[in-house]
Amino acid sequence: MQLYELNIRDYWNIFLKRKLLIIISFMVVFSSIFTYTSFQTPIYTATVLIKIDQNLNIPEIIFPSNMRYRMGGEAEVNLADYTKQIISRPVLETAARNLGLIKDGMPGREKNDVVSAISAEVEATEIEKTNMIRLQVSSKDPQAAADLANKIAEAFKKLNMEQKNQQAYNVRAFIEKTLEDVSKNLRDQDERLRNLTMRGAVGSGVNIVTQIYELEKKREDLLTKFTEKHPDVVQLDQQIMELKEALKSLPKEEFEYGILKRDITINEALYTNLKQKLPEAQIKEAEKIDNVLIVNPAIAPRHPSYPDKKRNYTAAVVLGLVLGVAMALVTENIDTSIGRVEDIENFIKVSVIGVIPFCSRKDEDVHGKKGWRGNLSRSFARFFKGGLFGKEKSRKEIKCEVLISALDQSSRSIFLEAFRILSVNIQVLFGKGEKIKNKAILITSCNPEEGKSIVSCNLAMIMAQMGYKTLLIDADSRRANVHKIFGIKTKEGGLLDILTGKSEFDAVVRTATDIMLGTTDSDKVIDRPWMNNLNILTAGSVFPNPANLFNSEKMDELLNYFKKRYDLVIIDTSPVLAVSEPSILMPKVDGVLLVYKAGSTSRLALRRAKIQIESVKGPGSLSGIILNNVMPEVGVNTYYYYYNKRYYGYGDDEEADPKVKGSAGKNV
């Protein structure tokens with residue numbers, strides 16, 4: 001759980017810390033999508049644009065099914081009907097025949113399979129706000145897609161023209177047939193009218209029939225507005241009834257004469273109208289009506305429409321980055337370790353008095369490479385050694401040495417500069433602005449392998465260089481490392497031997513002479529007189545229960561003796577959460593420093609260590625935290641970048657000063 005509000009710089013540090021996780025996540029997503037895209041069969045899409053003419057001057061008596069009429073009889077085309085007709089079975093089957101995909105004599109089932117396969121590859125859509133239709137055909141072969149699209153467009157155009165011409169033919173035939181029937185009826189009616197006239201009919205009933213016809217027409221108009229009980233309608237009904245009664249009272253010949261005269265008038269008007277429409281229908285039939293225009297024929301596409309590589313690769317980049325960043329944030333959230341100074345201070349309310357960068361020997365050839373290749377190799381090596389969540393699971397064990405030759409005023413190693421800053425902070429903390437006198441400091445850690453021994457040794461070297469008479473005591477009897485760091489051949493004859501009475505302090509204390517006689521190159525010690533300010537007390541012989549010795553009066557007497565004889569006594573003890581010896585020694589010293597390995601140890605362990613120290617020595621007894629093993633990706637962004645750029649490669653201190661080549665040691 002975050003105890004502070006993240007800002008842009010915090011997120012940037014998280015991304016730097018988890019950069020390898022982000023890179024690998026990105027590469028996995030991108031390579032997966034790239035591989036998937038590469039193995040897809042390319043599909044090509046050919047497109048034909050078809051325009052439908054919406055303004056057709058067709059006779060009003062022509063009513064094709066795919067048109068609706070505006071005011072004045074002007075036809076308006078329904079594009080949806082045309083869109084469906086383009087991909088209809090007759091059109092697709094005609095196109096398949098023209099391409100030779102369907103041959104004469106082919107069984108019906110095979111024809112259906114061919115048409116179904118074509119139908120799955122064809123799509124027709126209306127282009128919004130236009131009278132155009134887009135026909136698209138997809139195929140694995142670009143030329144085949146273009147050919148099929150063009151054939152479908154041509155088949156649709158031909159079929160549409162045949163349908164329009166068939167309608168014109170039907171209209172012309174209907175007019176001619178109707179004219180013939182009306183003409184025959186007129187001849188028959190004229191003959192009957194002549195016979196009635198010869199029988200004495202003079203047409204007295206014609207006026208009555210005409211009046212009845214006009215009144216009935218007027219009555220129909222009124223019924224569109226009123227009901228049959230409306231006074232006007234009732235009045236018309238009364239008049240019509242009276243006229244019909246008057247018509248019935250006429251002789252039979254007069255009655256027939258009136259009816260026949262009315263029918264002849266109607267047929268003559270119809271005959272005249274049909275005679276006018278017949279030439280128009282004949283002209284339309286001869287014009288070969290075609291309102292379909294192929295605007296843009298299909299050509300073979302040069303690039304596949306599927307898969308869309310540009311879109312897929314863009315999506316791969318975006319998804320890869322999003323997944324990488326998400327995994328980095330999730331990993332950072334579930335990582336219980338702390339890597340930033342501010343986080344530690346906010347979490348346990350104790351100041352960080354030193355930040356020690358990671359420094360290791362070049363134990364592998366790949367780490368010795370310079371330039372971007374070396375940086376890349378080191379990054380991948382660190383990742384595969386450190387694990388997915390950035391915690392080191394294993395490292396190659398190498399012999400650790402104190403950077404003796406670098407401990408001079410001219411050294412610009414960031415590793416040693418960090419210890420110089422730490423020594424100044426300790427001087428302020430325990431000397432109160434003056435020189436430290438007769439102080440004992442205990443250095444411990446939460447867990448093993450956090451680097452407390454190398455911190456203790458280098459701090460003792462720096463304090464001795466600053467003129468303090470310093471005693472370094474190895475109180476970690478279970479995993480003694482001080483003698484190894486200084487190149488002393490054995491740990492026997494040390495603290496436990498004094499406590500058991502086997503040896504005296506003056507007989508077992510180690511000086512600069514013992515360091516020169518050990519595995520350390522004597523040239524690194526000679527001509528450095530300040531080395532005489534440093535004395536070392538190794539762990540001593542193995543004892544089954546060192547806690548009893550540390551809790552003895554002899555230990556109290558020794559510490560008082562050491563504090564009187566030395567300005568500063570530095571005690572390198574065991575991890576506070578692992579064994580009991582540190583808790584026994586804490587009440588006997590003036591201050592406790594806790595070494596915390598950045599990005600590795602759990603924050604819960606850090607808090608538990610503070611509780612353990614304060615429960616033994618009292619509230620506020622933890623003097624400070626030393627943040628060790630800091631890598632660039634866990635937040636070193638302060639004073640370590642003051643010097644020239646070439647000295648800032650973590651793990652590359654050997655390049656900072658040619659005099660110290662091969663002397664950097666691993667933090668243990």
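Across the stretch 142-159, computed HN-Hα scalar couplings (Karplus, 6.51 cos²θ - 1.76 cosθ + 1.60, θ = phi - 60°) run x, 5, 5, 5, 5, 4, 5, 4, 5, 5, 5, 4, 5, 5, 5, 4, 5, 5 Hz from first to last residue, x flagging Gly and Pro.
Taking the stretch 27-45 and a reference point 7 angstrom along Cα→Cβ of Arg311, the backbone N atoms nearer than 15 Å belong to 37, 42-45.
Ranked for footprinting exposure by Cβ neighbours inside 10 Å, fewest first, Thr45, Thr513 give Thr513, Thr45. This ranking places Met516, Met555, Met27 by how few other beta-carbon atoms lie within 10 Å of each, fewest first, which gives Met27, Met516, Met555. Fewest-first ordering of Trp530, Trp12 by other beta carbons within 10 Å of each residue's beta carbon gives Trp12, Trp530.
Summing Lys and Arg as +1 and Asp and Glu as -1 over all other residues whose Cβ lies under 14 Å from the Cβ of Tyr36 gives a net charge of +1. Karplus-based coupling profile of the stretch 467-476, in residue order and whole Hz: x, 7, 6, 10, 10, 9, 10, 8, 9, 8, with θ = phi - 60° in 6.51 cos²θ - 1.76 cosθ + 1.60 and x standing for Gly or Pro. In this structure, the amide hydrogen of Val352, modeled 1.01 Å from its nitrogen in the peptide plane, lies closer than 5 angstrom to those of Ile625, counting only residues at least 5 positions away or on a different chain.
Stretching Glu345 away from Asn170 to a fully extended chain increases their span by 53.3 nm, per 0.36 nm per residue minus the current alpha-carbon distance. Structure note, pairs Lys435/Lys554; Lys491/Lys564; Lys177/Lys244; Lys17/Lys435: Cα-Cα distances above 32 angstrom occur for Lys177/Lys244; Lys17/Lys435.
For Ser445, the residues 5 or more places off, or on other chains, whose built amide H falls under 5 Å of its own are Val576, Val595.
When the C-alpha to C-alpha distance is required to be over 29 Å, the pairs from Lys502/Lys610; Lys432/Lys469; Lys158/Lys284; Lys432/Lys610; Lys84/Lys111; Lys51/Lys140 that qualify are Lys502/Lys610.
Among 427-433, 226-232, how do they line up by average Cβ neighbours within 10 Å per residue, starting with the highest?
Final packing ranking: 427-433, 226-232.
Based on the Cβ-Cβ distance of Glu492 and Leu16, what FRET efficiency does E = 1/(1 + (r/R0)^6) give at R0 = 60 Å, to the nearest 0.05?
0.85
Remark: spin-label model distance Ser32-Glu216 equals 8.4 nm, labels positioned 7 Å along the Cα→Cβ axis. Phi angles across the stretch 299-304 convert, under the Karplus curve 6.51 cos²θ - 1.76 cosθ + 1.60 with θ = phi - 60°, into 3J(HN,Hα) values of 10, 5, x, 8, 10, x Hz, Gly and Pro given as x.
Loop-resident GluC sites (Glu not before Pro) (DSSP state other than H, G, I, E or B) in the stretch 78-130 with no more than 11 further Cβ atoms inside 10 Å of their Cβ: Glu128.
When each of the peptides 236-245, 150-159, 458-467 is scored by the mean number of other C-beta atoms lying within 10 Å of its residues, the order from highest to lowest reads 458-467, 150-159, 236-245. Near Ile43, the amide H atoms lying under 5 Å from its own belong to Ser305, Tyr306; only residues 5 or more places off or on other chains count, and H is placed 1.01 Å from N.
Only the coordinates and a few stated rules stand behind these numbers; no lab work does. Owing to the predicted nature of the structure, the values given are computational and were not obtained by experimental measurement. When we count neighbours, we look across all protein chains shown, and the Cβ atoms used for this are built from the backbone with ideal geometry, even at glycine.
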